[in-house]
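Inspection log for the structure reproduced underneath, given as structure tokens.
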Amino acid sequence: MSKTAYVPPKVWQHEAPSGGNFASINRPVAGPTHEKVLPVGKQPLQLYSLATPNGVKVTILLEELLALGHTGAEYDAWLIRINEGDQFSSGFVGVNPNSKIPALLDRSVEPALRVFESGSILLYLAEKFGSLLPSDLAGRTETLNWLFWQMGAAPYLGGGFGHFYAYAPEKLEYPINRFTMEAKRQLDVLERRLAESPYLAGDTYTIADIAVWPWYGQLVRGNLYSAAEFLAVQEYPHVLRWAEEIASRPAVVRGQRVNRTWGEEASQVRERHEASDLN
């Protein structure tokens, strides 16, 4: 532990960047920083995103919907470079005032509808196309239970554990211990649930699995924060089984490639405008 205790000021002020990987884009105010119109393609759905865990939720769902035969789920996926501040353009802020990816514009309706926040997008698309969300009250409710669990839980994994373990400019014992404890508790929540059923909502693959897998599934597979050994993920065999099963789905494989700008060249499809872009 640090021997020098931080004493918070009476009134906090943003006087200097805090350091770390995202210091250049973190700021305490909202709104656009520059004027720029978003591009619009020919498909019914316009997605503005990046292949982060939150971003791939939507591209995986869109690829799953297309695989099920929902041609209305065709989409243009435009790359938003968050490290360069694309999310602060006037056009992007118009679709998502929170300046976070992903953001969706549905141009199949008049007037076009904006949909922002990944959980809202998943629910909107599942209801629009009547797929991957059970219609019976019990199944729908259990799916939404786990969808909203992910919305509340992932900030502790991403902004908490991931930030202090992988991205913070200084490794600090207290926050790493605090958020590691919470990350492992969350993994245990999933382990206990997946010991009871093959998928989070029961016997059927749903948007709940699509929401949770890019965070917790990729974490236990060693593809998030390089933290699998640190978190002793072998302690969660049911989560590992579920994670590998979902990873093998063709739509999941395709969805992960969209708006990806890192890794092997073959894994990157920076923008997607038609199905052949993924060939």
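Brief remarks on what is shown
- Any hit, region 52-63, residues being closer than 27 Å to residue 186 by Cα, in contact (Cβ under 8 Å) with a residue 40 or more places away in the chain and among the hydroxyl-bearing types (Ser, Thr, Tyr): yes
- Qualifying position, being closer than 17 Å to residue 88 by Cα and modelled with pLDDT under 85, among 30, 23: 23
- For region 106-118, a residue qualifies if it is on the phi < 0 side of the Ramachandran plot and surrounded by fewer than 22 Cβ atoms within 10 Å (Cβ to Cβ), and the qualifying residues are 106, 107, 108, 109, 110, 111, 112, 113, 114, 116.
- Condition check for residue 35: charged (D, E, K, R), modelled with pLDDT of 95 or more and farther than 25 Å from residue 162 by Cβ: yes
- Checking each residue in region 95-111 for being free of Cβ contacts under 8 Å to residues at least 60 places away in the same chain and over 18 Å from the mean Cα position of the chain (by Cα) picks out 109, 110, 111.
Listed here are the residues, each with its yes/no results for (1) touching a Lys or Arg at 6+ places or on another chain (Cβ under 7 Å); (2) among the aliphatic types (A, V, I, L, M).
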| site | (1), (2) |
| --- | --- |
| 7 | no, yes |
| 29 | no, yes |
| 33 | no, no |
| 38 | no, yes |
| 43 | no, no |
| 52 | no, no |
| 73 | no, yes |
| 80 | no, yes |
| 90 | yes, no |
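- Answer residue from region 55-94, given it is polar (S, T, N, Q) and under 17 Å from residue 43 (Cβ atoms) and is nearest to the chain's Cα centre (by Cα) among those: 59
- Any hit, region 246-269, residues being surrounded by fewer than 19 Cβ atoms within 10 Å (Cβ to Cβ), touching a Leu at 6+ places or on another chain (Cβ under 6 Å) and either closer than 16 Å to residue 157 by Cβ or outside the structural domain of residue 83 (by TED's automatic domain parsing) (or both): no
- Those residues of region 194-241 which are β-branched (Val, Ile, Thr), in contact with a Pro (Cβ under 9 Å, 6 or more places away or on another chain) and under 14 Å from residue 150 (Cβ atoms), in sequence order: 206
- The helices (runs of 4 or more DSSP H) located wholly in region 161-279 that include 1 or more residues which are over 23 Å from residue 63 (Cβ atoms) occupy 173-194, 237-247.
- The single residue among 11, 40, 7 that is under 23 Å from the mean Cα position of the chain (by Cα), outside the structural domain of residue 122 (by TED's automatic domain parsing) and surrounded by fewer than 17 Cβ atoms within 10 Å (Cβ to Cβ) turns out to be 40.
- Taking the criterion of being polar (S, T, N, Q) and under 15 Å from residue 89 (Cα atoms), the residues of region 33-74 that qualify are 33, 49.
- Matching entry among 201, 168, 195, 208 (being in contact (Cβ under 8 Å) with a residue 40 or more places away in the chain, under 30 Å from residue 134 (Cβ atoms), among the hydrophobic types (A, V, I, L, M, F, W, C) and surrounded by fewer than 19 Cβ atoms within 10 Å (Cβ to Cβ)): 195
The values are calculated or read from the model by the stated rules, or taken from the named source; none is laboratory data. What you see is a predicted model; the values in this text were computed from it and never measured. We place every Cβ from the backbone using ideal geometry, glycine too, and count neighbours over all the protein chains shown.
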